[in-house]
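Reading through the structure tokens given below for one structure.
Read-outs throughout are calculated quantities, based only on the coordinates presented, and are distinct from any laboratory measurement. All values derive from a computational prediction rather than experimental measurement. A quick note on method: Cβ atoms are made from the backbone with ideal geometry, for glycine too, and the neighbour counts reach across all protein chains shown.
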Amino acid sequence: MFNSKSKLLSDQTSKGSTTIIGAGTVINGDIQSDGDIRIDGFLNGNLHAKAKIFIGPEGGVDGDIHAIQADILGKVTGQLRIKDLLQLLGKCEVEGDIFAGKLQVEPSANFNGSCQMGGSVVELNSVVEINKELGNVVNQ
């Protein structure tokens, strides 16, 4: 009786929740999430989210980022694969290649790397990367 209610509450919380990594917090390792993630601290690892990522002005990531949407105000060193909209805002600094459905860049943002845009770019490259990780050979 109690298990079914707690499972229901757990399922509802995880789908609509936001994970916050506060200022002064450093995480070493990869993060995967079904919900939104806000980083005001620092992540030394890869970040995979099935929702939106927000990196605050003092936040940073040293690793690859995969998400549906992302707003970057801080510093990112690594590849960004954003299915929908990627916004480079404020005085953000991005060092790495971008694959995004759509890209919005404010004049004060810094970006060094290559950029490919379009909805199919992210999906195609994700399939190629997954096959490389599995050791499958893909002929194009």
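Using R0 = 25 Å, the C-beta based FRET efficiency linking K50 and D97 works out to 0.70. Placing a pseudo-label 7 Å from each Cα along the Cα-to-Cβ vector at Q116 and T18 gives an inter-label distance of 3.2 nm.
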